[in-house]
Amino acid sequence: MTGESTHALRVIEPHDERGIEAITDLHLRLLSWGPMAGLGRLFLRKFCYTLLVRDGLMEAALFEVNGEPAGFVAYTTRSLTFHREAIKRHFAAAVLLLAGSVLS
């Protein structure tokens, strides 16, 4: 017997701790081979999915099935300047979060 399932795609806001944690988990599970995952959970969660979303440099959305995280998308309209602008705006935070990732 097949039951009905609910699907939702919701934009993640920088204060949405549950959504940020879900996207971070999915990122590490699905993209563990990538360079951003190599920077660690702390960096992904605090720098990418909190600071950069807060600043509008990046947006993220979580896809949920029956209330459970099933996928995500992160995107920017600044593909050519995104990384440079992110580091320029948050150099100290990036250094501290990278140090924290290395130490953990």
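The values are calculated or read from the model by the stated rules, or taken from the named source; none is laboratory data. Here the structure is a predicted model, which is why all the values come from computation and not from measurement. Reconstructed Cβ throughout: ideal geometry from the backbone, glycine too, with neighbour counts over all protein chains shown. What goes into the accessible areas is simple: the full protein's heavy atoms, side chains included, and nothing from ligands, DNA or RNA. Shrake-Rupley method; radii C 1.70, N 1.55, O 1.52, S 1.80 Å.
Quick notes on this structure:
- Pairs with Cβ under 8 Å, 6+ apart, first in region 63-78 and farther than 12 Å from Val11 by Cα, second in a loop (DSSP other than H, G, I, E, B): Val65/Ser5; Val65/Thr6; Asn66/Ser5; Asn66/Thr6; Gly67/Thr6; Thr76/Leu57; Thr76/Met58; Arg78/Leu57
- Ala60 being open to solvent by 20 Å² or more (accessible area, probe 1.4 Å), in contact (Cβ under 8 Å) with a residue 24 or more places away in the chain and closer than 25 Å to Ala8 by Cα: no
- Among the residues of region 8-30, those identified as open to solvent by 60 Å² or more (accessible area, probe 1.4 Å) and farther than 12 Å from Pro69 by Cβ are Val11, Glu13, His15, Glu17.
- All positions within region 19-44 that are more than 13 Å from Ala60 (Cα to Cα) and not small (Gly, Ala, Ser): Asp25, Leu28, Arg29, Leu30, Leu31, Trp33, Pro35, Met36, Leu39, Arg41, Leu42, Phe43
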